[in-house]
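The values are calculated or read from the model by the stated rules, or taken from the named source; none is laboratory data. Just so you know, these numbers come straight off a predicted model, no measurement behind them. Glycine also receives a Cβ, built like all others from the backbone with ideal geometry; neighbour counts cover every protein chain displayed.
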Amino acid sequence: MSAQANQAMPRWVDLGLLPLWNLCVALAVAGLVVLAIGQSPWQALTVLIHGALGEARGIGYTLYYATTFIFTGLAVAVAFHGGLFNIGGEGQATFGGLGLALVGLALGPHGPAWVVLPLMVLAAALFGMVWAAIPGYLQAWRGSHIVITTIMFNFLASSLSVYLLVNWLRPIDSMAVESQSFADSARMPSLHSLAAWVGWELPSSPVNLSLVLALLACVFVHWFLWKSGAGFALRAVGSSARAAHYAGIKPRQQVLMGMALSGALAGLVAVNEISGVQGKLTLDFVAGAGFTGIAVALMGRNHPVGIVLASLLFGILYQGGVELSFELPGFSRDMVVTAQGLIVLFSGAMATVSTPLFARLFGRPAASPAAAQVKTTEAQHG
Amino acid sequence: MTSTCDAARAPSAARPAVQLHDISKRFGAVQANRAVSLSVAAGTVHGLVGENGAGKSTLMAILYGYYQADSGDISLDGKPVHIANSHQAIELGLGMVHQHFMLVDTLSCLDNIMLGAEPGFFLRRAAREVRRELEVMMAESGLHVHLDALVGDLPVGELQRLEILKALYRGAKVLILDEPTAVLTPQETTQLFDTLRRMKEKAGLTIILITHKLKEVMALCDEVTVMRAGQVIQTRKIAETSEADLAQAMVGRKVNLGRRADAKPAGEPILLQAQGLSLRAANGVPALRDVSLQLRAGEIVGVAGVSGNGQSELLEVLAGMLAPQAGRLQVGDTRFDAAEGGWLDPRQARHLKVAHVPEDRHACAMVMNFPAWETAVLGYHELPSYRSGLGGLSMNHREMQRQTEAMQAHFDVRPRDVSLGASKFSGGNQQKLVLAREIGQAPTVLLVGQPTRGVDIGAIEFIHGQIRALRDSGCAVLLVSSELDEILALADRVVVMNSGRITGELAIEDCDEKRLGLLMAAQPESVA
Amino acid sequence: EAQPAVIFDMGGKFDKSFNEAAYRGVERWKKETGKTYLEFEISNDTQRAQAIRRMAERGASPIISVGFAQASALEQVAKDFPKTQFAIVDAKVNLPNVQSLLFKEHEGSYLVGAMAILASKTGKVGFVGGMDIPLIRKFQCGYEQGVKATNPKAEVFTNMTGTTSTAWADPTRGGELAKAQFAKGSDVVFAAAGGTGTGVYQAAKDAGKLAIGVDSNQNHMQPGTMLTSMVKRVDVAVYNVLKGWKPGLSDLGLKEGGVDYALDEYNAKLVSPALKAKVEAIKADIIAGKIKVVDYMATGNCKY
Amino acid sequence: MDEILIGSVIASTLRLTTPLLLCALAGLVSERAGVVDIGLEGKMLFAAFAAAAAASVGHSTALGLAAGIAVATAMSLIHGFACVSHRGDQVVSGVALNMVAAGLTTVLGIAWFAQGGQTPPVDASIRLTGLVPGWSEPAAAQAALGPWLGALVGHGLLSHNALVYLSLALVGGVWFFLERTRPGLRLRAVGENPAMVDAAGVSVAKLRYAALSINGVLCGLAGSYLTLAQNASFSPNMTSGRGFIALAALIFGKWRPVPTLLACLLFGFLDAMAIRLQGSSLPAVLGGGEVPVQAIQALPYLLTVILLAGFIGQAVAPKALGRPYVKER
Ligand SMILES: Nc1ncnc2c1ncn2[C@@H]1O[C@H](COP(=O)(O)OP(=O)(O)OP(=O)(O)O)[C@@H](O)[C@H]1O
Ligand SMILES: Nc1ncnc2c1ncn2[C@@H]1O[C@H](COP(=O)(O)OP(=O)(O)OP(=O)(O)O)[C@@H](O)[C@H]1O
Ligand SMILES: [Mg+2]
Ligand SMILES: [Mg+2]
């Protein structure tokens, strides 16, 4: 405590070395588990890194996974800045997928991509928005706790989507619970096809134009939260509803708006997964990304830049994990889940455990408490 | 600077109960305490005064084991001690009433008192025992609290008594009080001081009192120590000093808090007029009953009253934070009628150039985790000058920071740092920032509550000057304060509130503490 | 020579059900031939195409996809690798380099339905499905036909476990569903619900009722109360693909031994010779085409 | 509805409520002390695994219970190490524990038992069975007590195992602990205003660790119930989101034991009803067709939302919930 208070760490230690160290600790513990089940941790690590970053295709997959996490991470972060814990990214993404698929199926065969795709993106955002706005409304006007309602809405979304898929959207002769395939104009172009278009050969991978959309979403969220008046109001409500009321901001509207935006972002997951990769509405396409978004947002300190980095980390873990199960017989996918959990634990929840150690090693007396403060505000505001 | 008087060697009539020797404490770059020595004689009241941030609270927190000193020693009753945590401090007979209440709102008074010192595993039996002891203690000390009431439901005066009772119950022989009167009414203060005096005499209690109110020091203390910038400036017997002397020692220059009479032009236009305001609080108790009020350009109207008699609600209703059940309001040419449902809201209030400095700056006036420059535009964030680009959707950070710099410079907010988090400023500086913001847009009406609560004497002088200057420029000011001195020093006209009504109105010439006190205490004749 | 590859679907190769059956098939082949194979377990939608492509690029052949959910992924990849041999279980892919292995689950379900009602003392039997998806309705529809054809007055209680993928791994809820059916008077329950089935069989055991397993022979799981299992010989099919791949559609029913009911030492006491004789007769009728079992997948409804 | 149906709904409600209740009480103790517990799901899952593994290998109920409790408590203490000692984010820590539990139970299960993550079934002789085993069948209970009494009381209320009754008793126990004992008082205070507790000379960290230990024990019981009583073996991810439902129940119950019990009973009841409503028909006015399964399955969740929006007022969380305690003024 006193070491922390009296010494400030250089920025590169705080933002670079320390996170790296935490990651290493997590990997070391995961390595122990790997060892315990009779595998070689070192081999596992090299396969993981090489699989995720070693080749163009692996990188493509990594980016594709990261895209989804950027959306859900941003969704959690936006709500968080409004003082809301949106645990319903799962349902909002599912619902977004429904909206996207309805538009895609209805318009896909009839319009060109530049008309259909934007409409699909809008539909995904809109459906996600609605699915989050209802709990937002209930929280603001009826006082229903957002954590419960969003959990319930996750279940409701999946019931609805199973019902629609099984009874209405599924082609009658198909065994699989999925909609018809979209027309080409309703598919988000993949990056390798775009690259081929300008004469650049890339191996095929699912990373698609949604990645650009995700990065745009980051820029937008950053602008929204810290540059726009609306974001100012949202953050004010998130920090102190009473002060916001004093300042003439209407907390209820902000809660509604914060959730709506959060839901819209979560809804965009469908653009990547459904329009970008599957090309048809499938069951369970969200596959826990909504929950992973919580970890992503919190590890990224609820800041878009942090979220991109955390998403990349998770992308690497997902893709590297797949490679691991390809390459190492007996290395099950559950081992990958375990490693991910350990990384969230050590790099996220226990991120400060080693701080005193590093403060002692690299610390220098702070110039002034004000200077120390500037650093943390920057961390928050980028 | 004459830090000649080493308190440790200061002549003391009785044996010292508490001795602090060469205590130093550093927070980051801030030297909060610099070789502080202090000796408090047993059975006396020792005052500790100093500007905001002088290091008083830190020193006491060290004595109470809440912080560890970087260097220095502590002795109690002449024996050197090491106080590693509050638990040990309590065992050593120290009791502390913190600057901010250390109470749990959702628990009863009794639970709050016995927490940490329960005389048994089962609460029921323990509570019975504690209640018996407390009843004796309350009778002896004159400190009365409703033991079964929830803390959240009680007025601050009672909470203050509760805090003291809590310390006494733990067998405190040395009682440290950190700004105990900041939130008390004059009546409550007098009552508290009577009690403290009695306990000093009867029980031989040693008391250390931190306060910004020099009058109180003179009234209660036997000795007083002045701190500035982490150091002891002087320690004096009370008979050997005066308010002016202390003020000068604290601030390093002469301070004038007295009233400055200004001619008040009569017949100025009415800028705000309220009629028949009635408000029922959430629990159904009427908070305002048929309150009518006019504010004219160029006058300061003081609202006096024992806290909890509707002053806060009046302020909030006029600022649009609460909508009354009945009443009418006219601000400039705009009219509102509660019966028709459309009451002023805070946003509209600012459009109508009504500025509001709320009573509770922590919960209300600032967003604690915003940096200063965001806090400095709160409420005014929709002004065109703070907007830029994208049709006004975007905010103009450069302008916001520039304005904040100007505010900080103009109001001498320290530290002069626009990016520092709002919570990191001391109370006095937070208050200055809020005031700067509210005055900054040249309001026509200023509603201000407790403008100098917890603020040191130098800052009070400055804040008073600003309010006067605003009045002189033609603004109408409504001042709610529990400090009669403040009202007497600033107001041109005083209204007194009691049980949600205005029970009297006096021109400032006719005011004195006694008359006001009588109006404030008067039983409302018939409450229909 | 190319190494074969198997891609298991979401449940994983130890799902005690059809993935596991496929696993047993390759393992048998491995033991007999001493050769090795590649494998992968899917954990999300995207990995299907990724996994199949990876295997194809590595030169694996034949590549066997287990589960209908892999159909579209397989179709994509198989087009890109016309020389590689592919096979898919539970779905039909019309490509010259793909062997599609379908099973007539309705026939097997009909048979165990008949067996259930014959073993029932109350004339009421139950069905617990995982998620309400077409494949499960196919099981349910066949089962119902078997029950009703054998005893027109019989009642069948049908329950689905849930609407998310946890429906396949929720033994607690499975157990509750079974208990609810027992309370309504049913005394035999057929579970087609993946890992959820464990709970159903346990509940039957606890209540002293009978249960019917699915996909693999699950009789050993609760000896004494497992009436039988509706086995789907994915293992045999997969083994046969490895032995000799041939393109086109194989639709495996009772006749081909693709589906069947299981009889072993664990349920020998429950299946009296009389019961066995009746069931064998029905089986023979189906094989002979005397009994036509409606396939839910073909008609999109369960009208019979 | 006849008496057997009512009895079986009652019995089913109690069975389904028990793990929820134990988990919700666990969450209640920790959250009243100011520590958010989103890791209930993971702790219950790991405890279920540990209990099943230990009981089936060691052939002992006590061993199973002890293992379940030990593992869940260890996880709670890790949560404490991250969030209490090192002021880590409580939600992140909870999410992490959930992930680790989901992965590691399966990894260990496969490594140890080679049954795809399942544990071998716990022997019937060491499973927790009903106090009056026979009454788990309505018929036997009816034979003993008569048709109505037997179905409703015998089968519905009295046919359960000790953990079911223990969980109900624990509602009173937790209430008594919180409201009537010294540590309970301190624990409530530390969730509202830790600075006050600190100033009163009581260690905030110790209190929170104590709360987390209780939390671990209760989660351990919840997990053990799943594999030693309700089912006989562990299978991967068998908690299926119940930890989250328990969290919802706890918030629904406004962080108070008795209302939390009612919320859990409500969830249990709605679940039990949904099971029995499958396959029922729409009223004739609405066309009379069969109600879609999905609609019935969604019913409990929908009703929860409606109840929450319509009848339950704002829930006020403990003031210091989720905020790590930093010594400051
Ligand atoms: N927890 C802390 N962290 C960092 N700095 C601190 C902390 N507490 C106090 N300080 C520093 O120590 C100095 C002394 O603060 P302290 O609270 O003792 O002042 P004070 O005399 O009690 O002021 P006031 O009259 O406003 O109560 C402050 O100026 C501040 O800069
Ligand atoms: N965590 C912190 N880090 C750095 N400085 C701090 C911190 N907390 C407080 N301070 C500093 O401590 C000083 C005194 O703060 P404090 O809250 O005691 O003010 P105050 O005037 O006593 O407030 P109040 O008016 O509410 O009584 C301020 O100058 C502030 O900058
Ligand atoms: Mg202070
Ligand atoms: Mg102060």
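Numbers at a glance
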| quantity | calculated |
| --- | --- |
| Residue check, residue B:100 of a type outside the set (Phe, Trp, Tyr) and within 16 Å of ligand 1 (Cβ to nearest atom) | yes |
| Failed condition for residue C:217, given (1) part of a loop (DSSP other than H, G, I, E, B); (2) more than 17 Å from the chain's Cα centre (by Cα) | (2) |
| In the stretch B:27-69, residue farthest from the other protein chains (Cβ to nearest Cβ) [restricted to those that are away from ligand 3 (no atom under 16 Å from the Cβ) and under 24 Å from residue D:196 (Cα atoms)] | B:69 |
| Boolean, residue B:434 is within 14 Å of chain A (Cβ to nearest Cβ), surrounded by 21 or more Cβ atoms within 10 Å (Cβ to Cβ) and either within 16 Å of ligand 3 (Cβ to nearest atom) or in a helix (DSSP H, G or I) (or both) | yes |
| Residue match in the stretch B:416-431 (condition: within 16 Å of ligand 1 (Cβ to nearest atom), outside any helix (DSSP H, G or I) and without any contact (Cβ under 8 Å) to a residue 12 or more places away in the chain) | yes |
| All helices (runs of 4 or more DSSP H) inside the stretch A:321-382 with 3 or more residues being charged (D, E, K, R) and modelled with pLDDT of 85 or more | none |
| Flag for residue C:34 being under 24 Å from residue C:236 (Cα atoms) and under 22 Å from the mean Cα position of the chain (by Cα) | no |
| Helices (runs of 4 or more DSSP H) (entirely within the stretch B:309-393) containing at least 1 residues that are away from every other protein chain (no Cβ under 11 Å) and either within 22 Å of residue B:292 (Cβ to Cβ) or not aromatic (Phe, Trp, Tyr) (or both) | B:311-318 |
| Selection count, the stretch B:229-241, where residues are outside any strand (DSSP E or B) and either within 16 Å of ligand 1 (Cβ to nearest atom) or within 23 Å of the chain's Cα centre (by Cα) (or both) | 2 |
| Residue that is nearest to the other protein chains (Cβ to nearest Cβ), among those in the stretch D:208-243 that are surrounded by fewer than 23 Cβ atoms within 10 Å (Cβ to Cβ) and among the hydrophobic types (A, V, I, L, M, F, W, C) | D:210 |
| Residue match in the stretch A:103-110 (condition: surrounded by fewer than 22 Cβ atoms within 10 Å (Cβ to Cβ), over 22 Å from the mean Cα position of the chain (by Cα) and in a loop (DSSP other than H, G, I, E, B)) | yes |
| Flag for residue D:94 being more than 20 Å from the chain's Cα centre (by Cα), within 13 Å of another protein chain (Cβ to nearest Cβ) and either buried (at least 18 other Cβ atoms within 10 Å of the Cβ) or modelled with pLDDT of 95 or more (or both) | no |
| Residue B:188 vs. criteria within 16 Å of ligand 2 (Cβ to nearest atom) and in contact (Cβ under 8 Å) with a residue 12 or more places away in the chain | no |
| Some residue of the stretch D:70-87 being closer than 21 Å to residue D:318 by Cα, within 18 Å of the chain's Cα centre (by Cα), within 14 Å of chain C (Cβ to nearest Cβ) and buried (at least 24 other Cβ atoms within 10 Å of the Cβ) | no |
| Residues of the stretch C:7-27 satisfying the condition of being away from chain D (no Cβ under 14 Å) and touching an Asp or Glu at 6+ places or on another chain (Cβ under 7 Å) | C:25 |
| Residue that is nearest to residue C:47 (Cα to Cα), among those in the stretch A:7-60 that are without any contact (Cβ under 8 Å) to a residue 24 or more places away in the chain and among the aromatic types (Phe, Trp, Tyr) | A:42 |
| Members of the stretch B:395-425 found to be buried (at least 19 other Cβ atoms within 10 Å of the Cβ), at the interface with another protein chain (Cβ under 10 Å from one of its Cβ atoms) and more than 16 Å from ligand 2 (Cβ to nearest atom), listed by number | B:395, B:396, B:400 |
| In the stretch B:68-101, residue nearest to ligand 4 (Cβ to nearest atom) [restricted to those that are touching a helix residue (DSSP H, G or I) at 6+ places or on another chain (Cβ under 6 Å) and at pLDDT 90 or above] | B:97 |
| Residue check, residue B:32 in a strand (DSSP E or B) and within 12 Å of ligand 2 (Cβ to nearest atom) | yes |
| Answer residue from the stretch A:221-240, given it is closer than 14 Å to residue A:257 by Cβ and more than 8 Å from chain B (Cβ to nearest Cβ) and is surrounded by the fewest Cβ atoms within 10 Å (Cβ to Cβ) among those | A:224 |
| The listed residue being in a loop (DSSP other than H, G, I, E, B) and among the hydrophobic types (A, V, I, L, M, F, W, C), out of D:77, D:131, D:104, D:65 | D:131 |
| Pair list, Cβ < 6 Å and 6+ apart or interchain, from the stretch B:15-33 residues that are in contact (Cβ under 8 Å) with a residue 40 or more places away in the chain and on the phi > 0 side of the Ramachandran plot to residues that are of a type outside the set (S, T, N, Q) and away from ligand 3 (no atom under 16 Å from the Cβ) | B:22/B:35; B:22/B:72 |
| Residue within the stretch A:196-219 that is within 14 Å of chain B (Cβ to nearest Cβ) and either crowded, with 24+ Cβ neighbours inside 10 Å or in a helix (DSSP H, G or I) (or both) present | yes |
| Tally, over the stretch C:165-183, of residues that are crowded, with 24+ Cβ neighbours inside 10 Å and either of a type in the set (Val, Ile, Thr) or part of a strand (DSSP E or B) (or both) | 1 |
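Here's the yes/no breakdown for (1) in contact with a Ser or Thr (Cβ under 8 Å, 6 or more places away or on another chain); (2) at pLDDT 95 or above; (3) aromatic (Phe, Trp, Tyr); (4) under 30 Å from residue A:290 (Cα atoms):
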| site | (1), (2), (3), (4) |
| --- | --- |
| C:13 | no, no, no, yes |
| C:21 | yes, no, no, no |
| C:36 | no, no, no, no |
| C:47 | no, no, no, yes |
| C:75 | no, no, no, yes |
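Residue-wise test of (1) under 28 Å from residue C:67 (Cβ atoms); (2) within 11 Å of another protein chain (Cβ to nearest Cβ).
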position	(1), (2)
C:153	no, no
C:170	yes, yes
C:173	yes, yes
C:192	yes, no
C:196	yes, yes
C:202	yes, yes
C:214	yes, no
C:217	yes, no
C:221	yes, yes
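Yes or no, residue by residue, for (1) away from chain A (no Cβ under 14 Å); (2) surrounded by fewer than 23 Cβ atoms within 10 Å (Cβ to Cβ); (3) part of a helix (DSSP H, G or I):
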site: C:70; (1), (2), (3): no, no, yes
site: C:76; (1), (2), (3): no, yes, yes
site: C:82; (1), (2), (3): yes, yes, no
site: C:92; (1), (2), (3): no, yes, no
site: C:95; (1), (2), (3): yes, yes, no
site: C:102; (1), (2), (3): no, yes, no
site: C:111; (1), (2), (3): yes, no, yes
